[in-house]
């Protein structure tokens, strides 16, 4: 497991607690984290099956964890419908963070409304304005960040480990489903009756912005439907890259 030791003394000791977190179930990991930390914990919900299951456990255990989502303005109608259904089901608001209006206007003026298809740099610039910068605001002042990342999704995500310390953002990062497969997630979703995006039944697996997501075919991996026009090794938006790396790539 990849573990980075915190730089600040008062922060969660990732190396020491990783051993305790590993044998726990994902919902137990969430409870453990909440009990171990005094500060604000943020879960970023993207309305995928992993996020829906984590949100179910947070609500089931009534954990004091801030649940936020990044509304890029380009999501599928089905995603908004699931958002509303999820709030009704659990009786809890999911706080939205939006792109800065001025930055978004400048981006569209510079590259056009669909300029992200032109190059990887243009697409990363779009992701930066619509996702990464809103994430920075969502995580401001947080002591820990929870995501739905799994090891079997991509090599970048496998290298992240289940628990690490994000030195670029100065917080702990927990991926409670890191050692689960998609099949295990779907089994738990069915067992708990957790609502999911209607697009999953149409071949969409990993769902993001509508212009950048497609259904996958037989033999394709779940991330093949994201930014499919790019090289397979580049299919990250920047959310799960160290913040200094995201800045550097934006400048390239």
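The values are calculated or read from the model by the stated rules, or taken from the named source; none is laboratory data. Everything quoted here is computed from the prediction, not taken from an experiment. Quick reminder, even Gly has a Cβ in these numbers, built from the backbone with ideal geometry, and neighbours come from all protein chains shown.
Within the range 13-26, take every residue that is in contact with a helix residue (DSSP H, G or I) (Cβ under 8 Å, 6 or more places away or on another chain) and free of Cβ contacts under 8 Å to residues at least 60 places away in the same chain and give me the one that is farthest from residue 181 (Cα to Cα). Please lay out each step first, then the result.
Filtering the range 13-26 for residues in contact with a helix residue (DSSP H, G or I) (Cβ under 8 Å, 6 or more places away or on another chain) gives 17, 20-21, 24, 26.
Add one more test, that the residue is free of Cβ contacts under 8 Å to residues at least 60 places away in the same chain, and what stays is 20, 24.
Working: 20: 21, 24: 16 Å.
Checking each candidate, the answer is 20.
Looking at the range 146-155, is at least one residue assigned to a strand (DSSP E or B), within 18 Å of the chain's Cα centre (by Cα) and at pLDDT below 95? Spell out the reasoning first.
We begin by selecting, within the range 146-155, every residue assigned to a strand (DSSP E or B); these are 146.
Those still in the list that are within 18 Å of the chain's Cα centre (by Cα) too: 146.
This time we only want the ones that are at pLDDT below 95, so: none.
No.
Looking at the range 166-181, can you tell me whether even one residue there is more than 19 Å from residue 132 (Cβ to Cβ), assigned to a helix (DSSP H, G or I) and either touching a strand residue (DSSP E or B) at 6+ places or on another chain (Cβ under 9 Å) or touching a residue at least 40 places away in the same chain (Cβ under 8 Å) (or both)?
Checking the range 166-181: not a single residue is more than 19 Å from residue 132 (Cβ to Cβ), assigned to a helix (DSSP H, G or I) and either touching a strand residue (DSSP E or B) at 6+ places or on another chain (Cβ under 9 Å) or touching a residue at least 40 places away in the same chain (Cβ under 8 Å) (or both).
Is it true that some residue in the range 80-90 is surrounded by 12 or more Cβ atoms within 10 Å (Cβ to Cβ), touching a helix residue (DSSP H, G or I) at 6+ places or on another chain (Cβ under 6 Å) and at pLDDT 95 or above?
Residues of the range 80-90 surrounded by 12 or more Cβ atoms within 10 Å (Cβ to Cβ): 80-83, 85-87, 89-90.
Then drop every residue that is not touching a helix residue (DSSP H, G or I) at 6+ places or on another chain (Cβ under 6 Å), which leaves 90.
Those left that are additionally at pLDDT 95 or above: 90.
Yes, the range 80-90 contains at least one residue that is surrounded by 12 or more Cβ atoms within 10 Å (Cβ to Cβ), touching a helix residue (DSSP H, G or I) at 6+ places or on another chain (Cβ under 6 Å) and at pLDDT 95 or above.
Does residue 37 meet the test of being closer than 15 Å to residue 174 by Cα, touching a helix residue (DSSP H, G or I) at 6+ places or on another chain (Cβ under 8 Å) and modelled with pLDDT under 95?
Working: closer than 15 Å to residue 174 by Cα: yes; touching a helix residue (DSSP H, G or I) at 6+ places or on another chain (Cβ under 8 Å): no; modelled with pLDDT under 95: yes.
So residue 37 fails the test.
Picking from 120, 137, which residue would you name as being touching a strand residue (DSSP E or B) at 6+ places or on another chain (Cβ under 8 Å) and surrounded by fewer than 18 Cβ atoms within 10 Å (Cβ to Cβ)? Give the derivation first.
Working: 120 fails: touching a strand residue (DSSP E or B) at 6+ places or on another chain (Cβ under 8 Å).
Testing whether each residue is touching a strand residue (DSSP E or B) at 6+ places or on another chain (Cβ under 8 Å) and surrounded by fewer than 18 Cβ atoms within 10 Å (Cβ to Cβ) leaves just 137.
Which ones in the range 21-34 are surrounded by fewer than 16 Cβ atoms within 10 Å (Cβ to Cβ) and at pLDDT below 95?
Scanning the range 21-34 gives 22, 23.
Do you know which of the residues in the range 50-65 that are in contact with a helix residue (DSSP H, G or I) (Cβ under 8 Å, 6 or more places away or on another chain) and outside any helix (DSSP H, G or I) is farthest from residue 96 (Cα to Cα)?
As a first pass, look at the range 50-65 and keep what is in contact with a helix residue (DSSP H, G or I) (Cβ under 8 Å, 6 or more places away or on another chain): 50, 52-61, 63-65.
If we keep only those that are outside any helix (DSSP H, G or I) too, we end up with 61, 63-65.
Details: 61: 22, 63: 19, 64: 17, 65: 15 Å.
Filtering first and then ranking leaves 61.
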